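Below you'll find the structure, written out as structure tokens, and then a few comments.
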Amino acid sequence: MVISEHLARLSAVPLFGSLSRRQLRALARATAREQFDPGNRIVREREADDGFYVLQEGEAAVTVAGDRKASLEPGGYFGEMAVIDGRPRSATVTAETRVTVLKLPSAPFARLLDRDPSIARAVGAELRRRLRDAGAVVPDTDVDPPDRDGLVQMCRQLRIVRQTDWGQPRRTRRRWLPF
């Protein structure tokens, strides 16, 4: 897989949408490709898993307590909050077809947050936006990058008010990013 394809997938994820090409390249270098056959579980509800996933190929089903909640197609993602807060999965994701994912493990992501405070600032801004959109009162502190504990607290609050840790890529017009 060419790194430019990884960059395109990562840049479409709202959590990473405001990152620079340099920052996206650092994220892409920390990812690994994994494949799953139809019927295989990628992650299981209420179990620990240390990664954030972006579908490159195939389709996957998202279920909560056995009820189908969503279908994910290429570009779909899950585990945004789990990669930050380390909490168990909020849903089961099962491959419906042969699925290829990019997996970003939590340890390399944590190192990126520590090395580049502007990544933590961008992630924190997106988490605050989501909390505000969900009706939570959130201080507007985009000036200083939040530490990892602050990001963890925002993720835990989001799990309470929003309860989803998956989605499809942003469908808005994006600036062209020549990778």
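The values are calculated or read from the model by the stated rules, or taken from the named source; none is laboratory data. No experiment lies behind these values; they were computed from the predicted model shown. Cβ: placed from backbone, ideal geometry, glycine included. Neighbour counts: every protein chain shown.
Residue by residue, here is whether (1) of a type outside the set (S, T, N, Q); (2) out of contact with any Ser or Thr (no Cβ under 6 Å at 6 or more places or on another chain); (3) at pLDDT 85 or above holds:
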residue: Ile84; (1), (2), (3): yes, yes, yes
residue: Ser106; (1), (2), (3): no, yes, yes
residue: Pro139; (1), (2), (3): yes, yes, no
residue: Gln153; (1), (2), (3): no, yes, yes
residue: Gln157; (1), (2), (3): no, yes, yes
residue: Arg173; (1), (2), (3): yes, yes, no
Is region 86-109 home to any residue that is among the aliphatic types (A, V, I, L, M), part of a helix (DSSP H, G or I), surrounded by 15 or more Cβ atoms within 10 Å (Cβ to Cβ) and in contact with a strand residue (DSSP E or B) (Cβ under 7 Å, 6 or more places away or on another chain)? no
Take Arg41 and decide whether it is among the charged types (D, E, K, R) and free of Cβ contacts under 8 Å to residues at least 40 places away in the same chain. no
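Counting only residues that are within 16 Å of Gly167 (Cα to Cα), not charged (D, E, K, R) and not in a loop (DSSP other than H, G, I, E, B), how many does region 76-85 have?
Going through region 76-85 one residue at a time, the tally reaches 5.
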Just for region 1-14: of the residues that are in a helix (DSSP H, G or I) and in contact with a strand residue (DSSP E or B) (Cβ under 8 Å, 6 or more places away or on another chain), which one is farthest from Arg115 (Cα to Cα)? Glu5
Considering residues of region 98-138 that are acidic (Asp, Glu) and in contact (Cβ under 8 Å) with a residue 24 or more places away in the chain only, the residue farthest from Leu7 (Cα to Cα): Asp114
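Has region 87-97 got any residue that is within 19 Å of Leu24 (Cβ to Cβ), touching a helix residue (DSSP H, G or I) at 6+ places or on another chain (Cβ under 8 Å) and either touching a residue at least 12 places away in the same chain (Cβ under 8 Å) or not aromatic (Phe, Trp, Tyr) (or both)?
Narrowing region 87-97 to residues within 19 Å of Leu24 (Cβ to Cβ): none.
For region 87-97, residues within 19 Å of Leu24 (Cβ to Cβ), touching a helix residue (DSSP H, G or I) at 6+ places or on another chain (Cβ under 8 Å) and either touching a residue at least 12 places away in the same chain (Cβ under 8 Å) or not aromatic (Phe, Trp, Tyr) (or both): absent.
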Kindly provide the set of residues from region 1-53 that are acidic (Asp, Glu) and surrounded by 14 or more Cβ atoms within 10 Å (Cβ to Cβ), ordered by number. Glu34, Glu45, Asp49, Asp50
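Say whether the condition of being assigned to a helix (DSSP H, G or I), out of contact with any His (no Cβ under 6 Å at 6 or more places or on another chain) and within 24 Å of Arg130 (Cα to Cα) is met by at least one residue in region 25-34. It would help to see each step written out before you state the result.
To start, the set of residues in region 25-34 that are assigned to a helix (DSSP H, G or I) comprises 25-29.
Subsequent filtering for residues that are out of contact with any His (no Cβ under 6 Å at 6 or more places or on another chain) retains 25-27, 29.
Cutting the leftovers down to within 24 Å of Arg130 (Cα to Cα) gives us 27.
For region 25-34, residues assigned to a helix (DSSP H, G or I), out of contact with any His (no Cβ under 6 Å at 6 or more places or on another chain) and within 24 Å of Arg130 (Cα to Cα): present.
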Which listed residue, of Gly66, Gly150, is free of Cβ contacts under 8 Å to residues at least 12 places away in the same chain and surrounded by fewer than 19 Cβ atoms within 10 Å (Cβ to Cβ): Gly66
